Amino acid sequence: MDYRTLGRTGVKVSPLCLGAMMFGAWGTADHDESIRIIHRALDAGINFIDTADVYSFGESEEIVGKALAQKRRDKVVLATKVHGVMGKDPNAQGNSRRWIMAGCENSLRRLGTDYIDLYQIHRPSPDTDIDETLGALTDLVRAGKIRYFGSSTFPAHEIVEAQWVAQQRVRERFVTEQPPYSILVRGIERDVLPTCQKYEMGVLPWSPLAGGWLSGAFGAGKENTSRRSAMVSGPYDLAVPGNQAKLDAVTALNEVAEGAGLTLIQLALGFTLEHPAITSPIIGPRTMEHLESQLPALDLRLGSDVLDRIDEIVPPGIDLNVTDVGWVPAAIADPSLRRRPR
């Protein structure tokens, strides 16, 4: 397998990262089955696992911890995240020093390990000074509790600010970014990916199958019976023009995949793997069947003709549904920030 270097850390990771969001109450409730999926991925050569404290309210981390207890922990690059709401306490969330320190200890306990390889800030926090966040993360690195840290779903200007603050205040810096990216969600090609390349950051895109749209389960004449669409209907409501555009694109992409002798899953993962800024797309299988359908992408390369055809269907830098970007800044979400006081 062609392992890739994680940014400029020197750490080698597999071309696919195993995402653990679907292990636990959000997906596969059977811990033993989740552990079998994790072990199968490790046996296939994947050495990179990503989870988060907020996934099934800590249950995902516990499952990953159980799985790694039966394997060589030192052979795995283990990533988790902090930021999401983890209780009724208003301080049990966010990017403050207070919560990052507590959240890290909680994650270490659930994962059953004494260090985390990559600790990521799950989303930006406009009410927290980035220097406070970087200072807390730097102290965790120096205490040996984490090896590196990264960001997730940060806009390009906040990635730049974090790099500048780290330099000016002599902090450790974000070495990775974890953005949404797929054939249907290409907005980061305009600014986030070039910015990450400029700062030599590793990029670990989430949802390369676009929330299941590129799994082969959706398309013309197919009924959407996915578990995720039943839980969160908005991204799948065909009354939304952006979702209809996704359906039209998926129909055309199916033809491209068939012409190339690939499944739609392989086409989707192969697309993300081809961008030079991408290190390791995160796959999120809920079942063993899901995992097996994605493993062939580990050694896949798409031809230029296939990539050109994809660009014709979904132009570079375009998000077909603007709500699929994972995080909306306050300046957009809050109308009062765009209107003068009366």
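The values are calculated or read from the model by the stated rules, or taken from the named source; none is laboratory data. Since this is a predicted model, take the numbers as computed values, not measurements. Counting neighbours? That spans all protein chains shown, and the Cβs are built from the backbone with ideal geometry, glycine included. For the accessible areas, the whole protein counts, side chains as well, though only heavy atoms, and no ligand, DNA or RNA atoms are used. Shrake-Rupley method; radii C 1.70, N 1.55, O 1.52, S 1.80 Å.
Some values worked out for this structure:
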| quantity | calculated |
| --- | --- |
| Equivalent ellipsoid dimensions for the range 143-184 as semi-axes, Å, which come from the Cα gyration tensor, largest first | 22, 15, 5 |
| Highest average packing first - 286-293, 271-278, Cβ atoms within 10 Å | 271-278, 286-293 |
| J(HN,Hα) series, the range 179-192, from Karplus relation 6.51 cos²θ - 1.76 cosθ + 1.60, nearest Hz, glycine and proline x | x, x, 7, 6, 4, 8, 10, 10, x, 5, 5, 6, 9, 5 |
| Simple spin-label estimate for GLU200 and ASP131 in nanometres, 7 Å along Cα-Cβ | 2.6 |
| Accessible surface, the range 224-342, averaged per residue in Å² (probe 1.4 Å) | 54 |
| Sorted peptide list for 161-170, 147-156, criterion being average Cβ within 10 angstrom, highest first | 147-156, 161-170 |
| Rg to Rh, two decimals, where the range 98-208 supplies the alpha carbon set and Rh follows Kirkwood | 0.97 |
| All aspartates and glutamates inside 17 Å of LYS12 as judged from Cα atoms, apart from same-chain residues fewer than 8 positions distant | ASP2, ASP43, ASP50, ASP74, ASP117, GLU177, GLU200, ASP299 |
| For the range 127-179, accessible area per residue (1.4 Å probe, heavy atoms of protein chains only), Å² | 43 |
| Span from the the range 5-64 Cα centroid across to the the range 253-318 one, whole angstrom | 20 |
| Packing rank of 78-89, 1-12, where each peptide gets the mean count of other beta carbons within 10 Å, highest leading | 78-89, 1-12 |
| Viscosity 0.692 mPa s, temperature 37 °C, Stokes-Einstein D of the range 1-126 from Kirkwood C-alpha radius, µm²/s | 220 |
| Nonlocal amide H pairs with PHE154, under 5 Å, H built at 1.01 Å | GLN178 |
| Relative pair counts by distance (%), Cα atoms of the chain, 20 Å bins | 31, 60, 9, 0 |
| Cβ-Cβ FRET estimate between ARG109 and ASP191, R0 fixed at 30 Å, reported to 0.05 | 0.20 |
| Charge sum, other residues only, whose C-beta stays under 12 Å from TYR199's C-beta, Lys/Arg counted +1 and Asp/Glu -1 | 0 |
| Cα-based Rg / Dmax (Å) for the range 172-326 | 15.0, 51 |
| Fraction of accessible area attributable to carbon and sulfur, the chain (%, probe 1.4 Å) | 51 |
